[in-house]
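The values are calculated or read from the model by the stated rules, or taken from the named source; none is laboratory data. Note that the coordinates shown come from a computational prediction; the quantities given were computed from them, not determined experimentally. In this analysis, Cβ positions are derived from the backbone assuming ideal geometry, glycine residues included, and neighbour counts consider all displayed protein chains. For the accessible areas, the whole protein counts, side chains as well, though only heavy atoms, and no ligand, DNA or RNA atoms are used. Shrake-Rupley method; radii C 1.70, N 1.55, O 1.52, S 1.80 Å.
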There are 2 protein chains.
Amino acid sequence: MPFEEKTLKSERIYEGKIINLRVDTVELPHKKYSKREIVEHSGAVGILAITEEKNIVLVRQFRKPVEEILLEIPAGKIEANETSEVCALRELKEETGFETDNIRKLLDFYTTPGFSNEIMHIFLAQNLSKGIATPDEDEYIEIVHIPLEEAVKKIINGEIKDSKTIIAILTYKNLLGIE
Amino acid sequence: MPFEEKTLKSERIYEGKIINLRVDTVELPHKKYSKREIVEHSGAVGILAITEEKNIVLVRQFRKPVEEILLEIPAGKIEANETSEVCALRELKEETGFETDNIRKLLDFYTTPGFSNEIMHIFLAQNLSKGIATPDEDEYIEIVHIPLEEAVKKIINGEIKDSKTIIAILTYKNLLGIE
């Protein structure tokens with residue numbers, strides 16, 4: 001049976017720019033105890049942007065934690081006092097230059113609920129108009145446009161390996177099959 | 001242009017049971033610098049197990065980081081000296097009691113490459129035979145079997161919100177469409 005774990009003690013280990021770390025001591029049935037390492041994150045958005053030519057807009061970006069250049073949908077961290085939709089429009093504009101008033105939620109998910117509370121909100125953006133990109137000071141990205149079926153192939157053959165990008169593309173493909 | 005970030009300094013903050021935390025100082029173009037907060041993880045597996053009745057085997061489990069009971073595929077952390085396939089068979093048996101010699105890789109992905117190196121290996125397990133589950137001391141889980149189309153509906157309506165579970169189910173659905 002699933003069992004809600006009561007927190008007995010909470011130790012703050014680190015407070016950072018993107019994440020915090022705490023370790024909770026929790027109570028289990030039969031008076032047992034365990035430790036839970038928890039990475040706190042304020043939440044993020046990812047944007048599946050579809051161009052007039054029906055291509056998906058992806059960004060190529062070096063990711064230090066995995067020491068690889070990854071192909072991902074535009075994405076970013078939600079800032080204080082920002083809704084997920086406002087964040088999605090801001091990140092899309094900053095990273096790719098694209099603007100739109102046609103944006104809607106596709107789905108939300110937890111990236112890795114075993115050790116983090118990070119929630120990812122995925123939006124679908126269409127009817128794009130091109131403005132000027134203004135990436136963050138520490139962001140170096142390259143933009144590519146690829147057809148949906150090519151993106152699906154890149155998931156299957158392992159060229160796309162970022163969770164939010166896989167989920168956005170496969171959910172959109174599933175949606176097109178339904179609608 | 002994507003730019004590989006050279007590490008200038010690496011500070012170890014925490015060494016834990018499931019994760020470690022370090023903060024790297026990296027060099028950017030034009031002699032600029034930035035900090036990268038990196039959660040180290042040894043990798044994990046998730047298993048999409050299909051029963052004789054063509055149902056998907058899911059586990060319901062309380063997840064402390066998000067303070068919710070989630071519906072997920074069986075999964076777990078790779079132990080030292082264990083291959084991902086051996087880990088998949090072990091976790092499937094421990095959490096659900098199911099055993100099989102019909103297991104194959106579906107795909108690999110990074111759960112959250114912005115702040116962690118965690119890689120998730122997803123396996124497809126079929127021709128299951130039922131043994132006895134032996135969950136970890138601190139795992140309290142409930143097992144459910146649901147048809148593929150119901151699982152897809154639960155992704156769209158938000159009842160399934162775990163990244164590995166969404167990716168496993170949508171990849172399997174896409175595969176059935178192709179094969």
statement: Other residues with Cβ under 12 Å from the Cβ of A:Pro65 give, with Lys and Arg +1 and Asp and Glu -1, a net charge of -4
task: Under a cut-off of 12 Å between alpha-carbon atoms, report the aspartates and glutamates in cross-link reach of A:Lys32, not counting same-chain residues fewer than 8 places apart.
output: A:Glu5, B:Glu137, B:Asp138, B:Glu139
field: Probe 1.4 Å - accessible area at A:Lys6, Å² to nearest ten
entry: 130
statement: Non-local residues with an amide H under 5 Å from the amide H of A:Leu128, with H modelled 1.01 Å from N and Pro and chain starts lacking one, are A:Glu52
query: Can you list the lysines whose alpha carbon sits under 16 Å from that of A:Lys17, skipping same-chain ones fewer than 8 residues off?
result: A:Lys64, A:Lys77, B:Lys35
query: If amide H atoms are built 1.01 Å from N in the plane of the peptide, which residues on other chains or at least 5 residues away come under 5 Å of the amide H of B:Ile13?
result: B:Leu21, B:Arg22, B:Val23
query: Under a point spin-label approximation (7 Å from Cα along Cα-to-Cβ), what is the A:Glu79-A:Glu4 distance to one decimal in nm?
result: 3.6
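Using the scaling law 2.2 N^0.38 Å as the reference, what is the normalised Cα Rg of the protein assembly as shown?
0.98
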message: With θ taken as phi - 60° and the coefficients 6.51, -1.76 and 1.60, list the Karplus ³J(HN,Hα) couplings across the range B:144-158 in order, rounded to whole Hz; mark glycine and proline as x.
response: 10, 10, 9, x, 3, 5, 5, 5, 4, 4, 5, 5, 5, 8, x
- request: Rounded to the nearest 0.05, what FRET efficiency do A:Asn127 and A:Leu175 give with R0 = 22 Å and r taken as the Cβ-Cβ distance? Could you check?
  value: 0.85
task: Give the Debye-formula value of log10 I(q)/I(0) at each listed q (0.08, 0.10, 0.19 Å⁻¹), with one equal scatterer per alpha carbon of chain B, two decimals each.
output: -0.31, -0.46, -1.27
For the range B:29-45, 3J(HN,Hα) per residue [Karplus equation, 6.51 cos²θ - 1.76 cosθ + 1.60, θ = phi - 60°, Hz, x = Gly/Pro]: x, 6, 6, 9, 10, 8, 9, 10, 8, 10, 8, 8, 9, 7, x, 9, 10
- line: Debye calc, one equal point scatterer per Cα of the range B:1-45, no solvent, log10 I(q)/I(0) at q = 0.14 1/Å comes to -0.42
